[in-house]
Each structure stands twice: as C-alpha cells, then as structure tokens.
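Shown next, in structure tokens, is the structure this report addresses.
Quick note: the coordinates plus some simple rules give every number you see, no bench work behind them. Because the structure is predicted, anything quoted here is derived from the model rather than measured. Cβ: placed from backbone, ideal geometry, glycine included. Neighbour counts: every protein chain shown.
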Amino acid sequence: MALNIPGLIALIVFYAITLAIGIWASWKSKKDQQKGKPSEMVIVGGRNMNFFIGLFTATATWVGGAYINGAAETVYLPTRGLMWVQAPIGFTLSLTIGGLFFVNPMRSKNYLTMMDPLQETYGNMIGSLLFIPSLIGDIFWFAAILASLGATMKVILDIRGYLAIIISACTVILYTLLGGLYSVAYTDVIQLIFITLSLWICVPFALLNTATKSIYYTAAQEFYQAPWIGKVQPEHLARWLDDFLYLVLGSIPWQTYFQRVLSATSARQARLISYFSGLGSFAMAIPSVLIGAVAASTDWNQTSYGLPTPEERGESAMILPLVLHYLCPTYISIGGLGAIAAAVMSSADSALLSASSMFAHNIYRKTLRKKATEREVLWVMRASMVMFGTVAAGLAFYSHSVYDLWFLGGELVYALLFPQLCCVLFIPNTNTYGSAAGFFFGLLLRLLAGEPSLNIPPIIQYPGCSLVDGVYVQLFPFKTFTMLLTLGTIVAVSYLAAFLFKRNLLPHRWDVCSVIKENGAVNGPTSCPPCQIEKISEFTSSGAARES
C-alpha cells in the first residue's frame, strides 16, 4: 500500500482551516476579555455564548472519535451487535437528566467549574482530592480519541499512527491555548458539520458495494458472521445494565458538560442546550451504526483486504476506517477520514480545556496560590494544557482498544464524583468527613474489583465473576454498586460525625474540619466561614425555581 497523497493533502487543508478558525476565535475572545475577567472568558466564554454555537459545541463534545469508531466496532463484533451500542441512548438520557436536575443549581450560582460547589461545601483540600479522578478521566478520554485517529490514518493514508497523534495533539493544544472556550466552540461548529456531511456521504457507497449483503437480511440471519442486531444473554443482563447506568449517570459529572451549560446566557438556555445536544448526539451515531452493520454483512474475501476478517485479525477497533477504505471510492474515504479527524478534535479540545480550567481555577488559584492574579492564572492554564496534552498523546501510543480505554476513563468519575456532586447539590448536611470517607472507600472498592484492560486481577470476586480466556470478568453490576456504596458512605459518615460532635460524644477539639459551630450546630468547612449547610438547604429548596 502506497502513501495516499490526495488524502494527505486534503487532511492538511482541513487542519489548516480548523487552526485558522481557532486563531480567529482567539482574536475575538481577546477583544471580549476587556469586558470582564480574562479567566472567566477563557473558561466559560464570559457566560455569553450564542445558543446555536453552544448547541453545536455541546453536541460535538460527545461525538468524538471514540464515539463514532466505538459504535461501528460494537455493531460489527459477532459477540456484541447493535444491542450493545449503549452510548447514543445513554448520552441522550444523560443530557436530559442533566438539563432537568443539574443545570439550574449550577447555573444559578454562577459557578465557573464543576469543582466549585465541591470546594465550597467540603473545602479546598477535599476539592483537590476530587480533582484527581476528573483529571484522569479527561486525559484517558483525550488519549482514546487520539488513538482512534492514529489507527484511522494508518489504514487510509498509510502513515504511521504516532505521526497522526502528534500532529493532532499539537493542533488541538495550539488553538485551545490561544482562545479557550471561544476557539473550542467555533471550531466545533465546522467540525460537527464536517462529521455529518462526510459520514452520510460514505454510507450509500458502503451499503451498495457488491461485496456487501443487504443489512436488512443480515440483521437477523447469519451469513458471514452472527446477525449484527446482536443479543444480550441472560447471564450478561446485569453487566449490560451496569454499563448503561454508567453511561447515563456517569456522563453528568464532567467539566466538559458543565463548561457548555455554564457558558449559556441563562439557565433556560442552558437547559435547552442540554436537551437538544442529547438528541444531536443520538442522531450522529446513526451513520456509524450503519457502517458497523455493513462491515458485519461484508464478504471480506471479495475485497482487497481479503481473509482472515478484521475480527479474526484483531482489527475490530479499526472497522470504520476499514470500511471507508475498502468499500468506498478513494475520494469518498478521504472525506470519511476528515470526519474522524473532526470528531477527534471536537472532543480532544474539550477534554484539554476541561482539565486545564479546573487545575488553574480550583487547584492553583483556590488552593495553592489564593492571591494569584488573572494573568498568572491564564499562564498556569496554558502551561497545564501543554502538560496534559503531552501526557494524553503519550498514553495514546499504548492504546489497544478504543472502546475499553473510553469506558475505563470514566469509571472513577462515575464511582467517585457522581455521588459527591449529588450530595452537595441535593442532600443537605453532608460534610468533609463524609466526603473523604466516601472517596477513599469507593476508590478502594473499585481497585479491588480489578481491571481486565490493565491486567489487574480482582481481589473482590462478585457473584458471577468468571475466568474467560485467562481473564477474570465481573458480570455483577459492580460499577453501579460501588457508586451507590460511595453515596451511602458519604451520607452515613456525614450524619454520624455531626451527631457525635453535636452530642459531645467526641470532643470538639477533634473536629479538625470544623463542621460544628461553637453552639453545637452543624457548620461548613473551614475554608467557607458561612454556614454552608444553610446555604445548601436554601439552595436545594428554591434553586429549581430560580434562573440567572
């Protein structure tokens, strides 16, 4: 296979256009920075984001390279199929739930990041601790989508994957560093349009290829492999539900989501962006599902790819670029490559901005250097973008499965952050002791459950745990179980600590987190002198009716 020169030229043109838009948006943001705080402009766009721009960027955030590649891969796999493609419906429900319950409390308080209410309630030290799973999630997400792009370019352009990863990471870092949310949002618009047009243009050519049977017949009948509709075996139902709940609830506590809704001009507009972006992300999965169905309906021996099949060669993760390359004309596959590159950038820049925003605002300004100037915070944010982007690119070189890495990136966020966020927004009187206990207990449970993709055997073997091809597989819904135990631990320890100190069963001098006032009433953390519990109680009772 020779280097695809036309494809390489087309990709360079696309990258140049994206970078130019990012630079233009950065120029626009610098003009607007004169109207408010520069850091607020970079993180949430001055809370003045146009509705349609906000809708595009919120949708593009979820429609990343791992999303479109993962959907096609799952439909194609004989052991999975359409029944296991949970992300489209999961994300739609997640964004709907976020709009219904989480947008008003966050937007009405004018928070800058998802970590703000956590630090406000539990203090800066615990807030810094809770930043760790969020950082890991963003970096793993960035790495997963970079890896998907590297695999795609290797198939279609015949260039080394590491070159694609390095070039893409450098491009994303550059325009995100220059313009913050403005650059991310405006580049997301062109990227989402390109993804939509390119993938839908590819679908008819793949469906009508002579090597492909009608996907209508292969959905329920076995031709070249098992029917692509798939099925969920009874013994796998609990694991299926666990993964689904993980997608629905675990997709909420991400700064990439709250960055979009917090940038809206009002709480009402933020809710609408959340609802409609859920529908948009669902629609964007349709071409990937069709391409996965085409791959499962193809006699690969009739193509230049030949036998054995991609699944037998262990190349299922690259099934979307393989279909584009072997079942579509060259000029069409080049357009598909552009779609994947656009999808990668649209999510990579969001992950990068998310991690750097929280580090600069919540860790550096609120914890490490409380007297930091705006200029200082901006430079810390830029430096952290370079650092986090470099780490993610390095991890992308060692990624073997797009889908596994994508799931792995959010498990700690689901198990540890979702309960914490629910407690600070909806459950009054939780305190620093409960938060710390829930974090460490939940982390311990998750680590003891093992991780097959990292070859970590489970110490805790839940009911249904079995050895499959030398790897232990947990069929029990342990992710949701861990999340619920974390939530219960936060509430139980918070109320127990308050009870023991209030009843003088423990001396007040042991109350190192100062959750009890001198008169015995429950108090907030030492970093927030006013009574945070009274604030939260008032906030949860009336916040749903308020709009900024």
Simple SL model, points at 7 angstrom along Cα→Cβ for GLU376 and ASN110; separation in nm is 2.3
Contour minus end-to-end for ILE456 and ARG268, with contour as 0.36 nm per residue of separation and end-to-end as the Cα-Cα distance? 63.2 nm
Mind giving me the nanometre distance, one decimal, between the label points for THR79 and ASP158, set 7 Å out from Cα along Cα→Cβ? 3.3
Additional length obtainable on full extension of the chain from GLN302 to LYS213, 0.36 nm per residue less Cα span: 30.9 nm
If you look at just the Cα atoms of the chain, how large are its Rg and its Dmax in Å? 23.9, 81
Using alpha carbons only, how many angstrom separate the centre of region 188-222 from the centre of region 292-314? 15
May I ask you to compute the full-extension gain from THR367 to PHE52, defined as 0.36 nm times their residue separation minus their alpha-carbon distance, rounded to one decimal in nm? 109.9 nm
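May I ask for the net charge around GLY98, where only other residues with Cβ less than 13 Å from the Cβ of GLY98 are counted and Lys, Arg are +1 while Asp, Glu are -1?
Values: positive: ARG107, ARG260, ARG271; negative: none.
Taking every Cβ under 13 Å from that of GLY98, the sum is +3.
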Rounded to the nearest 10, the angle in degrees between the Cα long axis of helix 374-396 and the longest principal axis of the Cα atoms of the chain comes to 40
Using only the Cα atoms, work out Rg/Rh for region 295-413, with Rh taken as the Kirkwood radius, to two decimals. 1.16
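Ranked highest first by the average count of other Cβ atoms within 10 Å around their residues, in what order do 228-237, 144-153, 443-452 fall?
Numbers: 228-237: 14.4, 144-153: 29.6, 443-452: 17.5.
Final packing ranking: 144-153, 443-452, 228-237.
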Protection proxy (average C-beta count within 10 Å per residue), highest first, orders 197-203, 350-356 as 350-356, 197-203
Once every Cα of region 363-518 carries one equal point scatterer and solvent is ignored, give the base-10 log of I(q)/I(0) from the Debye formula at q = 0.10, 0.14, 0.15 Å⁻¹, two decimals. -0.57, -0.95, -1.01
Checking the a/c ratio against 1.5 first, then a/b against b/c, what shape does the Cα gyration tensor give for region 1-148? oblate
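Using the Cβ atoms and a cut-off under 12 Å, what net charge is assigned to the surroundings of THR176, where Lys and Arg are +1 and Asp and Glu are -1? List each step's numbers first, then the result.
On the way: positive: ARG382; negative: ASP188, ASP349.
Taking every Cβ under 12 Å from that of THR176, the sum is -1.
Given the peptides 158-167, 53-62, 239-248, 73-82, arrange them by the average over their residues of other C-beta atoms within 10 Å, most packed first. Don't skip to the answer; put the middle values down first.
Numbers: 158-167: 17.4, 53-62: 26.7, 239-248: 18.9, 73-82: 22.2.
Answer by packing, highest mean first, reads 53-62, 73-82, 239-248, 158-167.
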Pairing the Cα long axis of helix 478-502 with the longest principal axis of the chain, what angle in degrees results, from 0 to 90 and rounded to the nearest 10? 10
Give the angle, between 0 and 90 degrees and rounded to the nearest 10, that separates the Cα long axis of helix 532-542 from the longest principal axis of the Cα atoms of the chain. 60
